[in-house]
Each structure stands twice: as structure tokens, then as C-alpha cells.
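Peer 1: The structure's right below; bear with me while I get my questions together.
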Amino acid sequence: MTHSGLTRRGLIGGTLSLALAAPLVVGAPRRAWSAGEIKVGFNGDLSASPSAQSGRAAVIGIQAALEDLNGKGGVLGRTLQLVVRDDLSQPPKSIQNMSDLIDNEKVVAVLGPTNSGNALAWKQIPNQKRIPVMGCIGSATDITKPMSANADNYMFRVGSVDRFQVVAVVAYAKKNPATKKVGLLTETTGYGQSGLKDLVEVTKTQGITPVASEKFGVNDTDMTSQLAKLKSAEVDTVLLWAQGTPIGQVMRSMDKIGYFPTVLTSWAADNLSFLNAAGPALAEKPIFLRTVSEARSPRQQQFFDRIRPKLDADSAFSFAVHAYDGTMLLALAMTQAGSTDGPAVRTALEGLKAPYEGYAKTYAPPFTRETHEGLGAADQHWTCWRGGKLAAFEDAVVASLKPEDFKG
């Protein structure tokens with residue numbers, strides 16, 4: 001999608017149009033910002049990969065939060081402005097963007113990125129420069145881990161975490177009386193192999209020994225060879241970790257050989273790219289977890305109705321929620337700290353005194369010094385596709401799951 005496409009969809013609009021549009025032009029002169037403005041940045045994929053719709057949704061969520069904050073006088077008596085960088089899903093570009101946002105644009109915090117690999121590529125930059133980052137899309141487990149033991153950590157997240165998802169899907173497999181033999185199926189990207197690491201560790205913790213483990217390339221369209229091996233090993237439950245499009249290709253490959261085990265997969269299956277790759281009928285096969293239930297509360301529905309005209313798809317709503325809540329938590333931390341200074345904001349985030357009723361949950365508190373994840377395993381919601389739309393998933397196994405089942 002071109003940058004003009006972003007404007008056409010209404011992603012850039014109203015009082016924030018200059019703040020967003022100028023940085024999107026490579027080589028544009030730096031804007032003469034007023035001394036009273038507080039700048040926050042977004043660094044993520046907006047145009048290059050199937051996950052870009054998630055990045056665009058996050059920007060919409062940040063916009064909505066800033067509109068609400070500025071409508072009430074801003075933070076510390078100052079208005080907030082958003083500076084956007086599209087990293088094109090490329091780690092080198094994302095690293096460049098992060099340095100530019102911090103060193104040249106002088107942002108006080110950054111939200112994003114869209115892709116986990118990019119966050120892992122540059123997480124040392126905000127930690128060295130002491131600028132808080134609020135993750136809202138990328139879900140790799142290691143994103144929020146400190147650079148070294150007991151080090152100050154500037155990486156926070158309001159969003160899904162692979163480890164929490166893996167713990168839940170493995171718990172489902174263990175609790176399901178139909179599960180006899182488990183197999184693992186993962187893509188060979190950093191995302192897929194990070195998920196494989198979690199799957200291996202969590203299945204061991206929960207006392208499950210997978211009988212087979214197969215891999216495939218992210219651009220593969222035929223996984224029948226790998227699936228035939230799982231079928232030969234009599235696998236009845238597949239734990240599948242991949243991005244949206246390849247999950248869809250796995251479903252098509254299952255259809256080719258008439259093999260439909262229980263499929264428990266990553267939240268990437270909520271992406272429209274999965275539905276498009278699998279088709280509506282096959283998309284109904286897997287179950288997965290999301291942080292925002294399709295059984296929305298009245299308050300969530302009101303927010304959904306407010307921003308839906310700007311979203312690419314209903315399924316992108318959760319990313320807007322993550323970004324909105326994350327932005328509001330940053331604003332609360334600045335207010336509590338009485339400052340936009342990075343170390344002061346980090347300390348405030350780790351000890352927010354007042355609960356915050358967000359759109360994903362009520363955060364009370366969201367973070368501690370040891371835990372930088374705003375959403376935990378208990379904040380995940382079982383989800384599936386039905387009739388080409390996301391739907392809440394419920395069965396006897398889900399109903400039977402208890403807190404003590406979530407180990408790992």
C-alpha cells in the first residue's frame with residue numbers, strides 16, 4: 001500500500017495529519033515543532049507484508065487515544081503528536097527508523113513494531129537511550145526480556161505473547177480427551193522457530209511428548225509432505241505456529257490429502273490473510289486465541305463502531321485496542337512521573353498507582369519491574385472463524401480449563 005493509500009483510508013486525518021504525513025516522506029525536512037508538544041512515535045510495517053494491516057490498525061488506535069487525550073488538555077498541559085515511520089517489514093529499515101525517531105524527532109516513547117523480528121533487532125537501542133517502547137503487535141516471547149539480569153528494561157507490551165498462547169493451546173491439548181498423539185508443525189522464520197522453542201518447552205512442562213515435528217517455509221504453498229509424515233505418525237492434534245498466509249496454506253494442504261486433525265494455532269490465524277489463503281470453509285478448522293473477544297462488551301462495541309470505518313478488517317480491531325490502551329498507559333505514567341523523561345516514565349510504568357479501565361481489560365497494575373507484559377494468559381480468548389467472520393469459540397474442553405492447567 002502506498003502512503004497515499006494510507007491517507008485515502010483516513011489513517012491520516014484531522015489535527016494529526018501534519019504530524020503523520022511529514023515523517024512518512026523520506027528525506028523531508030524536520031518540522032519546526034512547538035516547544036509545548038510531546039511527541040510519541042510509531043515504528044512498524046504499514047505497507048509491505050500481510051501483517052501491515054495490523055500496523056495500520058495500531059496507528060488508528062494511537063490516533064484515537066491522542067484525540068481523547070488532547071481533547072482533555074493533553075498530558076502535563078501539553079498536546080501530544082504522533083510521528084510515524086513505516087519500516088516496510090525490514091529489520092535494517094526498522095533499526096534506522098528507531099534511531100531517527102529517538103535522535104532526530106526526539107520522541108519520548110515509541111509504539112510498535114508490527115513484526116517481532118524487528119523488535120528483537122533493535123531492542124538494545126531504546127534500552128541504551130532510555131526511551132520506553134510500548135509493544136502492541138509483535139508477540140515473540142523475548143521482546144520484553146531485559147538485556148541482562150537486573151538491568152533497567154525499557155521494553156513494555158500490551159498485546160499477545162507467544163508463550164502465553166502456547167501455554168493455553170498445550171493445556172487445551174492435554175485436557176482434551178480426544179488427544180492421543182501430538183505433533184508440531186512450524187514455519188522456518190524467526191517467528192515460527194521462536195514459537196517452536198516455546199512449544200517444545202511447554203509440552204515438556206505439561207507432560208506431553210510430541211511424536212513428530214515438521215517445518216515448512218513461510219512462502220511454501222504445499223505442505224502435503226510434512227502433513228503426510230504427521231498422518232503416518234498417527235498425530236490427531238497438531239500444534240501449528242506460523243503467520244496467517246502459511247496457516248491458510250496448511251489448511252489447503254490438509255484438504256488435499258483428506259487429513260483433518262485438531263489444529264491449535266497461533267493468533268496469526270485472526271489475520272485476513274489467513275482467511276483469504278484458506279477460504280471460508282477451511283478457515284473454520286483451527287482454533288486459536290486473541291486478546292479481544294468477539295463477544296464484545298458494550299464499551300468495546302462503542303469503540304469498535306467509532307474506528308471500524310478506518311480499519312482494513314474487523315479482525316484488526318484487537319491491534320487498535322492494544323495501541324489505544326498502551327498509549328493511555330504511557331500518558332498515565334508521564335502524568336504520575338510529572339515528566340516525559342525516559343527513566344522517570346519507565347519507573348512510573350513499573351508502579352502505576354491508579355487502575356486504568358482500558359478496552360482490553362482493567363489494568364491494576366499493568367506492569368511491575370519484573371513483569372512488563374500488560375496482558376497475561378488469563379486475558380486470552382478462544383476464537384475461531386465462522387461464516388467468514390471471527391467468532392468466540394467455546395466447547396467442553398475450554399469450559400473445563402482451570403488456572404492450574406496453564407503451566408509453563
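Peer 1: In whole angstrom, how far apart do the alpha carbon centroids of segment 349-397 and segment 200-231 sit?
Peer 2: After rounding, the separation between the Cα centres reads 28 Å.
Peer 1: Output wanted: per-residue J couplings in Hz (rounded whole) for segment 143-156, from phi through Karplus 6.51 cos²θ - 1.76 cosθ + 1.60, θ = phi - 60°, x for Gly and Pro.
Peer 2: Couplings: 4, 9, 6, x, 5, 8, 4, 6, 6, 4, 10, 9, 9, 10 Hz.
Peer 1: In addition: Which of (i) 67, 42, 40; (ii) 90, 66, 40; (iii) 89, 54, 37 is the computed Cα extents along the principal axes in Å for the structure on display?
Peer 2: (i)
Peer 1: Taking amide hydrogens as modeled 1.01 Å from N in the peptide plane, which residues meet the under 5 Å criterion relative to Phe393, leaving out close sequence neighbours?
Peer 2: Residues meeting the amide H criterion: Trp382, Thr383, Cys384.
Peer 1: Dividing the Cα radius of gyration by the Kirkwood radius, what Rg/Rh value follows for segment 324-408?
Peer 2: Working: Rg = 16.9 Å, Rh = 15.2 Å.
Checking Rg against Rh, the ratio lands at 1.12.
Peer 1: Hey, fewest Cβ within 10 Å first, where do Arg290, Arg130, Arg299 land in order? Write down the numbers at each step before the final one.
Peer 2: On the way: Arg290 22, Arg130 15, Arg299 11.
Fewest-to-most ranking of Arg290, Arg130, Arg299: Arg299, Arg130, Arg290.
Peer 1: Taking Cα centroids, how far is segment 239-315 from segment 49-71 in Å?
Peer 2: Cα centres, segment 239-315 to segment 49-71: 21 Å.
Peer 1: What does the extension gain come out to for Ile257 and Val218, with contour length at 0.36 nm per residue minus their alpha carbon separation?
Peer 2: 12.0 nm
Peer 1: I want to check the label-to-label distance for Thr205 and Thr362. Put each point 7 Å from Cα in the C-beta direction and report it in nm to one decimal.
Peer 2: 2.8 nm
Peer 1: What distance in nm separates the two pseudo spin-label positions at Ser99 and Lys402, each 7 Å out from Cα along the beta-carbon direction?
Peer 2: 5.4 nm
Peer 1: Still on this structure: Could you list the residues of segment 378-407 with an amide nitrogen less than 12 Å from a label point located 7 Å from the Cα of Ala178 in the Cα-to-C-beta direction?
Peer 2: 395-398
Peer 1: Here's another thing I want to ask about it. Phe42's amide H: which non-local residues (gap 5+, or another chain) put their own amide H closer than 5 Å, with H modeled 1.01 Å from N in plane and none for Pro or chain starts?
Peer 2: The list, which skips near neighbours in sequence, is Val83, Val84, Arg85, Leu111.
Peer 1: Now a separate question. Per residue of segment 160-165, in order, report the coupling 6.51 cos²θ - 1.76 cosθ + 1.60 (Karplus, θ = phi - 60°) as ³J(HN,Hα) in whole Hz, putting x for Gly and Pro.
Peer 2: 5, 10, 3, 4, 5, 5
The numbers here are math on the coordinates, done by the rules we state, and not lab data. No experiment lies behind these values; they were computed from the predicted model shown. Cβ coordinates were reconstructed from backbone atoms using ideal geometry, including for glycine residues, and neighbour counts include every protein chain displayed.
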